[in-house]
Structure formats: C-alpha cells, structure tokens
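Data first, discussion second: the structure below is written as structure tokens.
The values are calculated or read from the model by the stated rules, or taken from the named source; none is laboratory data. Quick caveat: nothing in here was measured; it's all calculated off a predicted structure. Reconstructed Cβ throughout: ideal geometry from the backbone, glycine too, with neighbour counts over all protein chains shown.
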Amino acid sequence: MKKILVAYDGSEAAKKAIEMTSECVNKEDEIVLLTVIPAELVQSSFTKMLLPTIDVSDMVNSGSFKEKAMETVGEVAKDLKEQVKSIDIAVESGDPADEILLTAKKHEVDLIILGYKGYGKEGRFLLGSVADKVVRHASKSVMIVR
C-alpha cells in the first residue's frame, strides 16, 4: 500500500500527472489530491487594482475560491475513485511548492506526483519552478511527469 500526493492545477502537465497516477495505482493505495490557490493571485497588486474594495484573501479563506477549487478537484477525484482504497481532497493557498511539501509531510505520503510545466532554465531563474523546488526539498520520492 502506498500513500500518494498528486498535485493538480488544471494544466496539461497536471492532467498528464493524473493519467500517470491512474496507470500506477492499485486498489490498496491512498491518494491525496491537492490543488493550491497561488499566493500571487491573492496578494497581487493587479488583483488589488481590479478589485480594490474586495479583500481577496478573505474570499479564499471564506470559501469562494476554495469551493470552486474543491468542486474542480472533486471531478478529477471521481475518475480515480474506483482504482484506489481512498482519495482525500486538499485545497490550500500559498506558494504551490511549499504547500505541496507541507501537505506531503502532514499526510505522511510515500510518493509525490506532479507535472512539469517546462519553463526552461530562463523561466526557472526568473520564476522559480514548483517541480524543481519540490524535488530539492522533498523528504520522499517525487515523480515528475512531462
């Protein structure tokens, strides 16, 4: 039996990670399906400019963004439900790599699976890479899906 954390953000890379998970799991495995609402969305000056009178962080905490994210991830979970023992859904907000690492530790997973967006070395230098950060700091095995 394995406990697997799958990071899902709706991207093509994340969809490939779900496909790979589907191919690798068996009936005794447990999955934690995680999506992260990026801190940049909540705290960006652009968001504040568009919505000056609304505290977006309150929306994340109160549930608007979180409910939509739970709904989206719930749809993904339905496709995997019959293949595994159990699926837990987690929606967090913050730095995606940090939240993946924290959730992996909290749920004591054996494996982390995530997609690689492929920004290239320039993009990693400017933006940082979630996959790179997770691989560097994870205490468990990490599968990167391309």
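Annotations for the structure displayed:
- Counting only residues that are within 21 Å of E108 (Cα to Cα) and either assigned to a helix (DSSP H, G or I) or acidic (D, E) (or both), the range 66-97 holds 9 of them.
- Flag for T47 being modelled with pLDDT under 90, under 18 Å from A69 (Cβ atoms) and surrounded by 13 or more Cβ atoms within 10 Å (Cβ to Cβ): yes
- Scanning the range 91-125 for residues that are on the phi > 0 side of the Ramachandran plot, of a type in the set (D, E, K, R) and at pLDDT below 95 yields a count of 0.
- Close pairs from the range 126-143: first at pLDDT 90 or above, partner of a type in the set (V, I, T) and in a helix (DSSP H, G or I), Cβ under 6 Å, at least 6 apart: V134/I100; V142/V134; V142/V135
- Evaluation of T53 against (1) modelled with pLDDT under 95; (2) hydroxyl-bearing (S, T, Y); (3) assigned to a helix (DSSP H, G or I) (one fails), failing number: (3)
- Within the range 127-141, tally of residues that are over 13 Å from the mean Cα position of the chain (by Cα) and of a type in the set (V, I, T): 1
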